[in-house]
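Report on the structure given below.
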Amino acid sequence: MIILVSASKKRARGAVIFLVLNVMAGGCAQTNPTGEVGAFAEATSSYAVEAQQAYQTINRVTIERRVADLATESDPNVLGKELVDAKTLQNKDTLSPFLDGVALETRLALLSSLRNYANALGELSSANYKKDIDAAAQELGGTFQSLSSTLAAPGGSETPLSAEEAGAITAAVSAFGNAIVEQKRRSAIKEVVIQYNPLIQRTSRVLASGEWDALGDLQKANYETLYVEDVKAYQKEYPALSNTARRQRLRQISESYAAVRGAPIFFNDLKKASAKVGDAHQALFNAVSSNNFTSQDIVKQISELGALLKSLSAFRTRFENQH
Amino acid sequence: MDATIRVNLVNLLNEFNKLLVLTNNDDEEAKIRKNRRILFVLLEEVVKQEIDANTTEFREAISALREARQKVEDAKADIGKIVDAIRFVVLAAKAVDTIVRVGIGLIA
């Protein structure tokens with residue numbers, strides 16, 4: 001750098017302009033990887049949250065179903081036995097979560113790990129270093145100008161750099177820095193996506209296994225039982241209800257029925273979304289393997305994952321406070 | 001096998017729920033609910049067994065995913081070093097400027 005400052009102004013200016021043009025031309029030839037990688041990260045992260053909440057919902061609705069069943073019990077001895085263990089005074093099975101301990105923790109941890117990976121990839125693709133590089137380059141230009149002024153001072157051996165020349169140095173360092181960052185960013189994303197694609201495929205397969213079918217069957221039976229108990233309660237109570245109260249209760253029953261109908265769709269969508277995370281990462285893998293950071297297939301897979309997430313979110317939002 | 005048992009249990013539960021809606025007899029209701037309770041215990045057990053059988057596969061993927069995340073974090077930190085490198089040059093140039101000033105001062 002000091003050599004550059006000490007060189008003749010003409011040569012320095014020419015070299016700097018040449019470098020800036022070269023670096024800028026190289027940088028412009030590449031597309032920014034932020035878009036599709038970021039979209040994948042966001043969709044995968046949302047999927048992980050929906051799946052985690054699904055486990056919690058199964059626990060909540062299973063307990064609600066057991067409680068609804070117990071509410072129909074008229075024998076006080078049975079009631080007591082179902083609620084409290086007489087020896088330990090702890091909750092009996094009625095109030096215990098369906099999934100807990102290692103089974104639940106492992107699933108939540110896997111989804112958190114998947115989410116963390118996706119978020120880290122998203123941050124890598126979108127982290128903005130330009131501001132820092134430009135600020136550092138600006139400071140460097142100013143420092144060189146100061147240094148050249150020092151060298152040009154009485155007793156010194158140089159003529160000071162003009163503001164224009166200091167600006168050219170700033171632009172060159174800035175352009176170089178940003179180009180290197182983009183190159184490194186692309187290289188890192190490519191390496192990570194290629195290296196960990198088999199892992200993401202395996203994770204996606206594990207998550208898309210028949211487990212959601214099993215949990216979906218349980219949840220549908222839970223919702224169906226809650227719906228039937230709502231109907232039974234209405235059958236017994238309607239003579240004492242006003243017309244307005246009856247309509248309100250029937251609306252509630254209608255919502256219960258909607259949950260029964262929606263549960264299999266929800267779990268089917270969850271299963272499809274689990275597989276779609278793998279498909280989207282595979283599309284990303286195919287693209288980066290040929291040095292591209294975008295493709296029609298990535299857009300398609302992420303769009304389909306997005307549609308599934310929208311459906312999952314709509315069901316969860318509608319029924320999360322029910323029962 | 002598990003899936004067949006599970007589906008049959010769910011179908012049976014569905015039939016008991018239909019019967020429950022149709023009857024108005026308290027004793028019959030109590031019997032239906034008792035049977036339904038037993039079927040739910042069995043269903044929960046079957047689903048739990050299926051879940052437990054998969055848990056090992058889930059666990060194996062966790063540490064590998066954590067490693068993947070760390071790799072991405074390391075790459076990000078590595079890119080940040082470019083900014084650090086430019087800042088280092090700034091510091092070096094400032095130091096040179098200071099030394100030159102001192103040197104010129106001594107000569108003058």
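The values are calculated or read from the model by the stated rules, or taken from the named source; none is laboratory data. Keep in mind it's a predicted model, so treat the numbers as computed, not measured. Counting neighbours? That spans all protein chains shown, and the Cβs are built from the backbone with ideal geometry, glycine included.
Restricting to the stretch A:162-181, and then to whatever is of a type in the set (S, T, N, Q) and crowded, with 17+ Cβ neighbours inside 10 Å, can you tell me which residue is farthest from the other protein chains (Cβ to nearest Cβ)?
The qualifying residue farthest from the other protein chains (Cβ to nearest Cβ) is A:170.
Look at the stretch A:100-119 and say how many of its residues are surrounded by fewer than 21 Cβ atoms within 10 Å (Cβ to Cβ) and touching a residue at least 24 places away in the same chain (Cβ under 8 Å).
Number of matching residues: 5.
Scan (1) in contact with a Leu (Cβ under 6 Å, 6 or more places away or on another chain); (2) closer than 30 Å to residue A:224 by Cα for the single condition residue A:280 breaks and write down its number.
(2)
Here's the yes/no breakdown for (1) within 19 Å of the chain's Cα centre (by Cα); (2) in contact (Cβ under 8 Å) with a residue 12 or more places away in the chain; (3) surrounded by 16 or more Cβ atoms within 10 Å (Cβ to Cβ):
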| residue | (1), (2), (3) |
| --- | --- |
| A:192 | yes, yes, yes |
| A:223 | no, yes, yes |
| A:226 | no, yes, yes |
| A:234 | no, yes, no |
| A:260 | no, yes, yes |
| A:265 | no, yes, no |
| A:271 | yes, yes, yes |
| A:279 | yes, yes, yes |
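Of all the residues that make up the stretch B:47-66, how many are farther than 18 Å from residue A:65 by Cβ and within 7 Å of another protein chain (Cβ to nearest Cβ)?
Of the residues in the stretch B:47-66, 12 are farther than 18 Å from residue A:65 by Cβ and within 7 Å of another protein chain (Cβ to nearest Cβ).
Among the residues of the stretch A:109-153, count how many are facing chain B (nearest Cβ under 7 Å) and either outside any helix (DSSP H, G or I) or of a type in the set (A, V, I, L, M) (or both).
Residues flagged as facing chain B (nearest Cβ under 7 Å) and either outside any helix (DSSP H, G or I) or of a type in the set (A, V, I, L, M) (or both) within the stretch A:109-153 amount to 15.
Between A:139, A:123, which is surrounded by fewer than 23 Cβ atoms within 10 Å (Cβ to Cβ) and modelled with pLDDT of 90 or more?
A:123
Checking residue A:159 against (1) part of a helix (DSSP H, G or I); (2) among the β-branched types (Val, Ile, Thr); (3) more than 7 Å from chain B (Cβ to nearest Cβ), which single condition isn't satisfied?
Status for residue A:159: all satisfied but (1).
Return yes when residue B:74 is surrounded by fewer than 16 Cβ atoms within 10 Å (Cβ to Cβ), farther than 30 Å from residue A:69 by Cβ, more than 7 Å from chain A (Cβ to nearest Cβ) and at pLDDT 90 or above and no when it is not.
yes
Name the single residue, out of those in the stretch B:9-46 being within 17 Å of residue A:73 (Cα to Cα), among the polar types (S, T, N, Q) and facing chain A (nearest Cβ under 8 Å), that is surrounded by the most Cβ atoms within 10 Å (Cβ to Cβ).
B:17
If you go through the stretch A:93-103 one residue at a time, do you hit one that is facing another protein chain (nearest Cβ under 10 Å), modelled with pLDDT of 90 or more and either in contact with a strand residue (DSSP E or B) (Cβ under 7 Å, 6 or more places away or on another chain) or under 24 Å from residue A:233 (Cβ atoms) (or both)?
Yes - at least one qualifying residue is present in the stretch A:93-103.
Looking for whichever is facing chain B (nearest Cβ under 9 Å) and assigned to a helix (DSSP H, G or I) here; the options are A:190, A:184. Which one fits?
Exactly one of A:190, A:184 is facing chain B (nearest Cβ under 9 Å) and assigned to a helix (DSSP H, G or I), namely A:184.
Among the residues of the stretch B:85-100, is there at least one that is within 33 Å of the chain's Cα centre (by Cα) and either more than 7 Å from chain A (Cβ to nearest Cβ) or closer than 28 Å to residue A:112 by Cα (or both)?
No, there is no match, as no residue in the stretch B:85-100 is within 33 Å of the chain's Cα centre (by Cα) and either more than 7 Å from chain A (Cβ to nearest Cβ) or closer than 28 Å to residue A:112 by Cα (or both).
Is there a residue being modelled with pLDDT of 85 or more, out of contact with any helix residue (DSSP H, G or I) (no Cβ under 6 Å at 6 or more places or on another chain) and assigned to a helix (DSSP H, G or I) anywhere in the stretch A:212-231?
Looking through the stretch A:212-231, at least one residue is modelled with pLDDT of 85 or more, out of contact with any helix residue (DSSP H, G or I) (no Cβ under 6 Å at 6 or more places or on another chain) and assigned to a helix (DSSP H, G or I).
Does residue A:254 qualify as being in contact with a helix residue (DSSP H, G or I) (Cβ under 6 Å, 6 or more places away or on another chain), small (Gly, Ala, Ser) and assigned to a helix (DSSP H, G or I)?
Considered against the rule, which asks whether it is in contact with a helix residue (DSSP H, G or I) (Cβ under 6 Å, 6 or more places away or on another chain), small (Gly, Ala, Ser) and assigned to a helix (DSSP H, G or I), residue A:254 comes out as no.
Got at least one residue in the stretch A:61-83 being in contact with a helix residue (DSSP H, G or I) (Cβ under 7 Å, 6 or more places away or on another chain), more than 26 Å from residue A:233 (Cα to Cα) and either at pLDDT below 65 or among the hydroxyl-bearing types (Ser, Thr, Tyr) (or both)?
No, the stretch A:61-83 has no match at all.
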